[in-house]
Amino acid sequence: MAKRSSIKSRILSVAEEQFRTQGYSQTTMDHLAELLGMSKKTLYEHFRSKQQLAEAMIDDISKAIWKIQDEVIKGDGNPVAKLHRMGQEMQKCLLTVASVKLLDDLRRNAPELWQQIREIRTQKIRQMWSHLLAEGMRKGYIRKELNTEIFVAIHMASVERLLSSDLMFHSEQSFASSRTDLLDIFLNGILTDKGRDAESKYH
């Protein structure tokens, strides 16, 4: 049993590297078998399809993100620092296992797999904001009158729109800057102090 588990881990490791560097569409089971030095029959005994391999990779990403989220929420630091750390660590995790190239490929060519990633992201983001907004209000970092349901709904819609466009998928730099720019808008808004003063007249 241990040997079988070791073989599956090796197959998944090689497959993840190919997905990350070559993309999902360009990776084939034939080539994976060749890289692994095993027959296609042996490969299919462990994973019945390329999609199953990708689903195992997505499961690895999900478990890693759960771990990050738990560690950050329970860790030291104020809620604002935790928000930044969460984003940085989740991005690092995602792009270590996957890549911008792979994510864009899944988005365009593998809708079932992309939907799995979207569902994981939705669940994680909702939980993250729920915890950190509550902590921020309790500790005085976030306005208590904030309608958290509307805030989270708008944030989720904004993330979804970004991921449906090409803005985030030009490079790792564009992926990172899109994430940080969105967080900056949500935390700091678009108005300067002068703008806030002008806007206050309408309340």
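The values are calculated or read from the model by the stated rules, or taken from the named source; none is laboratory data. Quick caveat, the model's predicted, so the values are computed rather than measured. Neighbour counts run over all protein chains shown; Cβ positions are idealised from the backbone, glycine included.
Do you know which residues across the range 1-42 are assigned to a helix (DSSP H, G or I) and of a type in the set (Val, Ile, Thr)?
Across the range 1-42, the qualifying residues are 7, 11, 14, 21, 42.
For a quick check of your reading of the model, give me the residue pairs whose first member lies in the range 1-26 and is closer than 24 Å to residue 100 by Cβ and outside the structural domain of residue 107 (by TED's automatic domain parsing), whose second is at pLDDT below 95 and charged (D, E, K, R), with beta-carbon atoms closer than 6 Å and at least 6 apart or on different chains.
Filtered contacts from the range 1-26: 23/101; 23/105; 24/105; 25/105.
Give me the pairs, please: first residue somewhere in the range 57-78 and assigned by TED's automatic domain parsing to the domain that holds residue 96, second residue anywhere and part of a helix (DSSP H, G or I) and loosely packed, with under 12 Cβ neighbours inside 10 Å, beta-carbon distance under 8 Å, and either six or more positions apart or on two chains.
Partner pairs satisfying both residue conditions: 78/139.
State whether the residues of the range 103-110 include one that is in contact with a Leu (Cβ under 8 Å, 6 or more places away or on another chain), over 20 Å from residue 172 (Cβ atoms) and surrounded by 14 or more Cβ atoms within 10 Å (Cβ to Cβ).
no
Hey, among 71, 89, 160, 149, which residue is within 22 Å of residue 19 (Cα to Cα), assigned to a helix (DSSP H, G or I) and among the charged types (D, E, K, R)?
89 is the lone residue from the list that is within 22 Å of residue 19 (Cα to Cα), assigned to a helix (DSSP H, G or I) and among the charged types (D, E, K, R).
Mind checking which residues of the range 43-56 are in a helix (DSSP H, G or I) and without any contact (Cβ under 8 Å) to a residue 12 or more places away in the chain?
The answer is 45, 52.
Which one of the conditions (1) of a type in the set (Ser, Thr, Tyr); (2) assigned to a helix (DSSP H, G or I); (3) surrounded by 15 or more Cβ atoms within 10 Å (Cβ to Cβ) does residue 130 fail to meet, given that it meets all the rest?
(3)
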